[in-house]
Amino acid sequence: MLTGTYDGGDEPPTLALAELFFTNVTDRFLAGLEAAGYPQSLAKSRLLGMIPPDGVHLTALAERCRVTKQSCGQMVTELEEEGYLERVPDPRDGRAKLIRWGPVGRESAPHAYASMRAIDDRIAAILGEEDARTLRRLLLRVAAAEGLPDRAGSA
């Protein structure tokens, strides 16, 4: 249990606001996928968002998702069985496998992007276009300063 006080004045901590924002946008994103016929859990949707266009090795994917290789492998297997992902030989290393989008994953991608656009449109409707762009720029600035990877997994 935390003890002490948060000395942020009258405003709530950034962490609390970020959590509220994250919960809201992910709920909207998942609802958009479900409405399009592609229901997905938050954990699996996060993993799917880390797959770059040319594929990724399991170890690198686990690192990007911040989960164990075993846990990541289990989710990849489930998503492979559902058709979202597929494992293929790595053309640069015949012993290794690349994880890339499967047929259902490729089919669902336009719906995922439409859901993301709907979220951006909602934020712009609330903040206005200029402030929505500023919000994205500020989030990118913090991410870059912290050395965080983008959603496609590049460092």
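The table for this structure:
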item: Kirkwood hydrodynamic radius over Cα pairs of segment 103-146, then Stokes diffusion coefficient at 20 °C and 1.002 mPa s, in µm²/s; result: 180 µm²/s
item: Selection from His111, Leu140, Gly128 lying farthest towards where the dipole of segment 103-146 points positive, charges on Cβ; result: Leu140
item: Relative contact order computed over the chain (Cα-Cα under 8 Å; 6+ residues apart), in percent; result: 22 percent
item: Point-charge dipole on Cβ atoms (K/R +1, D/E -1) for segment 1-80, about Cα centre, debye to 20; result: 320 debye
item: Relative exposure of Leu139, Leu85, Leu30, Leu79, judged by other C-beta atoms within 10 Å (fewest first); result: Leu139, Leu30, Leu79, Leu85
item: Cβ-placed point charges (K, R +1; D, E -1), dipole of the chain about Cα centre in debye, nearest 20; result: 560 debye
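Here, each number is a calculation from the coordinates, and none is a lab measurement. Source: prediction; values computed, not measured. Because the Cβ atoms are built from the backbone with ideal geometry, glycine has one as well, and the counts that use them run over all protein chains shown.
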